[in-house]
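K.L.:
What follows is a single structure, and I will ask about it in a moment.
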Amino acid sequence: MKPHGSLRRVRRRLSAALAALTVFAGLAACGVSSGADSSGRPDELHVLVEAMQPVFDQWQGGVSTQGVLLLVNEPLIRYDGEGFQPNVAESFEQVTPTKFVFTLRDGVRFSDGSELTAEDVKFTFQQAMRDDHMSTTHIVMKTIKSIAVSGNTLTVELARPHSLFLYTVARTGIVSKAFYDKHGDKVGTPDVGQLGTGPYQLIKFEPNKTMTIGRNPHYWGDEAAFSSITFTIVSDDSARLLALHSGEANAIFEIPTGQIKAVRTVEDFTFTTIDGTSLIMLMMDVTKPPFDDPDVRAAVRHAINRQGLVDSALAGNGQVARTLVSVSTLERVASKQAIENTLGKLDKANAFDPDLAKRLLRKAGKPNGFSVTLPVESADADASLVAQALAQDLKRVGIDVRLEQKGDDYVDVILRGKHEGLLLFQFSSNAPDPVMPMDYFVPAKSHLNLTRQNTPAADAAVARSHAIPVGDPKRGEALLSGLAAYHAVGASLPLAIPDMTFGLKKPMTINGFTNYWWMQRWDLLVGVNR
């Protein structure tokens, strides 16, 4: 922990002031337009966000960033919260459990005027299949066995059934093969930019600062709702409030939960809260002492007051996570009774009981506890607050947790095992299917299996679920058995699911945003209260 004192407070104030100046300078340069259409909706949207990736590339970005990426590099199909709808593909069909046929619509052009072809789509899928793309997209796309092109038709064969394939297609933006052939690794950088067929084109990109997109004059579909949309990163609470109060920004997406109460005091804004899709988890690497001891892992789990953590760190803006998959998502595939039968046992295994935690530490030969360093992503406000809260809980049973702030190297630290065995990870689900997080965290060979546990029963259950039709009750049974087997190791403790809160300057409001808003044509869902 950093020391307290006057010097620290001065540094924080200077940091906030400098951050505010940076935000205002960036927003002023873009210029919030006072123009509006006949409904009162502004011509330009200026959105504050908490984080942004260093390259305008869909395989290196987060969920909120994909809200911009998928308006530039649009997908073949779109997910509207209920099902899949045609987009660049005017039709699509699942012929067999492993065979999909997509027929492209005529007249689709990239923003430079060049024509989209099926070869561009094939190239895009091949990029997503690359082993060096350590994204969640790759985990699904690597199951593709073959891609055949005939005219404007694309036929994709999977090596095995995968229930997340269409969801993955719906969040894979189509890129230009010719553009990548010409610019190579420079695609997505400020000097080269990006080329897509979406309703918007990339206008400006400053890594880790801001990105602006504007209307694509060659777009085939419904015209973009705004002449431009600018996403600006603001990681400092004071700067965020100043930008909203001053009117320099007219929207804020996915407000850090710890600041929701303060942001809601901003006048002339309408706020909307949606159930979150992000899961904050504590994970223990079973290959690293002392977390190779089941009693130590159990002690850690029983030492943490998860409801207290939600109440304090998230100011009540969220819910306790009972398992790797949210209850609402599990209810899509299994009965409430079956779910409770499984989760009730997990609740008991993870119940807050500090006295039991101390006894387990003594049993493990660590009556005085131990010390461990926990890497924390500095740009993630929610995770930072949660880390502080759980460190206090663990200290009460003798476990001294030293928080180590990490910047751009955070992902490398957790994926490459450059840590002491204790990890705090926030993961946003990108599909409303329970197999999604399981498919990423459970398999022993997955690079997102941060616990490094090998659980054959869980692996087999996940694999079995992919071969079972989505509506078949046996699929729910398989997924619940897989969850039970995975959590039986006790190496992961689901902590919390933060709410998602959005703010728009009046008279704007959200009409139809889902918790997978970034996969929609969300710009068309920004309405106006009359």
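The values are calculated or read from the model by the stated rules, or taken from the named source; none is laboratory data. Quick caveat: nothing in here was measured; it's all calculated off a predicted structure. Quick reminder, even Gly has a Cβ in these numbers, built from the backbone with ideal geometry, and neighbours come from all protein chains shown. Surface areas here come from the heavy atoms of the whole protein model, side chains and all, with no ligands, DNA or RNA. Shrake-Rupley method; radii C 1.70, N 1.55, O 1.52, S 1.80 Å.
K.L.:
Would you please give the residues with an amide H less than 5 Å from that of Gly318, counting only those at least 5 places away or on a separate chain, with H modeled from the backbone geometry?
P.N.:
Excluding prolines and chain starts, which carry no amide H, the hits are Asp499.
K.L.:
Along the Cα→Cβ direction, 7 angstrom out, place labels at Ser246 and Asp132. What is the inter-label distance in nm?
P.N.:
Distance between label points: 4.1 nm.
K.L.:
Quick check on region 342-400: what does the Kirkwood estimate of hydrodynamic radius come out to from the alpha carbon pairs, in Å?
P.N.:
Kirkwood hydrodynamic radius for region 342-400: 13.1 Å.
K.L.:
I need the trypsin sites (Lys or Arg not before Pro) found in region 226-289, filtered to DSSP loop residues with at most 15 other beta carbons within 10 Å of theirs.
P.N.:
Arg264
K.L.:
Something else: Roughly how many whole Å is it from the C-alpha centroid of region 91-134 to that of region 401-469?
P.N.:
28 Å
K.L.:
Also, I was wondering about something else. Which one of Gly276, Thr265, Thr230 has its Cα pushed farthest toward the positive end of the charge dipole of region 147-299, where Lys and Arg give +1 and Asp and Glu give -1 at the Cβ?
P.N.:
It is Thr230.
K.L.:
Sticking with this structure for a sec: Charges only on Cβ, +1 for Lys and Arg, -1 for Asp and Glu: so what's the dipole of the chain about the Cα centre, in debye to the nearest 20?
P.N.:
The dipole magnitude comes to about 1620 debye.
K.L.:
How many angstrom separate the Cα center of region 148-171 from the Cα center of region 309-364?
P.N.:
Each part's Cα centre sits 36 Å from the other's.
K.L.:
Report the per residue volume, in Å³, of the convex hull enclosing the C-alpha atoms of region 377-486.
P.N.:
So the per-residue Cα hull volume is 129 Å³.
K.L.:
So, by mean Cβ neighbours within 10 angstrom, what's the order for 150-159, 507-516, 373-382, 168-177 with the highest one leading?
P.N.:
Descending mean neighbour count gives 168-177, 373-382, 507-516, 150-159.
K.L.:
Here's another thing I want to ask about it. From the P(r) of region 312-380, could you give the percentage of C-alpha pairs in the tail past 19 Å?
P.N.:
61 percent
K.L.:
Hey, rough spin-label estimate for Glu82 and Ala444, points 7 angstrom out along Cα→Cβ, what's it come to in nanometres?
P.N.:
4.4 nm
K.L.:
Can I ask one more? What percentages make up the Cα-Cα pair-distance distribution of the chain when the bins are 10 Å wide from 0?
P.N.:
4, 18, 28, 27, 18, 6, 1, 0
K.L.:
Given Cα positions, please report Rg to Rh for region 332-435, the hydrodynamic radius being the Kirkwood one.
P.N.:
1.04
K.L.:
For a quick check: with amide H placed at 1.01 Å from N, whose amide H comes under 5 Å from Gln201's, ignoring anything fewer than 5 positions away on the same chain?
P.N.:
Those qualifying (amide H under 5 Å, at least 5 residues apart or on another chain) are Gly214, Arg215, Asn216.
K.L.:
Follow-up. For region 240-363, report the translational diffusion coefficient in µm²/s to the nearest whole number, using Stokes-Einstein at 10 °C, 1.306 mPa s, and a Kirkwood Rh over Cα pairs.
P.N.:
For the chosen part, D equals 90 µm²/s.
K.L.:
Sort 449-457, 465-473, 292-300 for me by packing, meaning the mean count of neighbouring Cβ atoms within 10 Å per residue, highest on top.
P.N.:
The densest-packed peptide leads the list: 292-300, 449-457, 465-473.
K.L.:
Quick check: from the Cα gyration tensor, does region 156-294 come out rounded (a/c under 1.5), prolate or oblate?
P.N.:
Verdict is oblate for region 156-294.
K.L.:
So between Arg402 and Lys142, what do we pick up on full extension, going 0.36 nm a residue minus the alpha carbon distance?
P.N.:
89.8 nm
K.L.:
Taking only C-alpha pairs under 8 Å that are 6+ residues apart, what is the relative contact order of the chain in percent?
P.N.:
Relative contact order here is 20 percent.
K.L.:
How much accessible area per residue does the chain have, counting only protein heavy atoms and a probe of 1.4 Å, in square angstrom?
P.N.:
41 Å²
K.L.:
Also, I was wondering about something else. Below 11 angstrom from the Cβ of Gly365, what's the summed charge of the other residues (Lys, Arg +1; Asp, Glu -1)?
P.N.:
+1
K.L.:
Next up: Quick one: compute the contact order of region 98-196, relative version, from alpha carbon pairs under 8 angstrom and 6+ residues apart, as a percent.
P.N.:
33 percent
K.L.:
Between Arg332 and Gln307, what is the spin-label point distance in nm, taking each point 7 Å from the Cα along the Cα→C-beta axis?
P.N.:
According to this spin-label approximation, the distance is 2.9 nm.
K.L.:
Rounded to two decimals, what is the ratio between the C-alpha radius of gyration of region 204-270 and 2.2 N^0.38 Å?
P.N.:
My calculation over the Cα atoms of region 204-270 gives 1.33.
K.L.:
Let me ask you something else. Quick one: what do you get for region 440-530 if you divide its Cα Rg by 2.2 N^0.38 Å?
P.N.:
1.58
K.L.:
Tell me, in nm to one decimal, what length is gained between Arg160 and Glu119 on full extension, where the rule is 0.36 nm per residue of separation less the Cα-Cα distance?
P.N.:
Full-extension gain reported as 12.4 nm.
K.L.:
What is the Cα coordinate range of region 89-200 on the first, second and third principal axes, sorted by size from largest, in whole angstrom?
P.N.:
42, 33, 21
K.L.:
Express the carbon and sulfur contribution to the solvent-accessible surface of the chain as a percent, rounded to the nearest whole number, probe 1.4 angstrom.
P.N.:
49 percent
K.L.:
Note down the Stokes-Einstein diffusion coefficient of region 66-145 in µm²/s, whole number, using a Kirkwood radius over alpha carbon pairs, 25 °C, and 0.890 mPa s.
P.N.:
It diffuses with D of about 174 µm²/s by this estimate.
K.L.:
So what is the orientation-averaged projected area of region 79-118, using the convex hull of its C-alpha atoms, in nm²?
P.N.:
Computing the convex hull of the Cα atoms and averaging its projections yields 3.8 nm².
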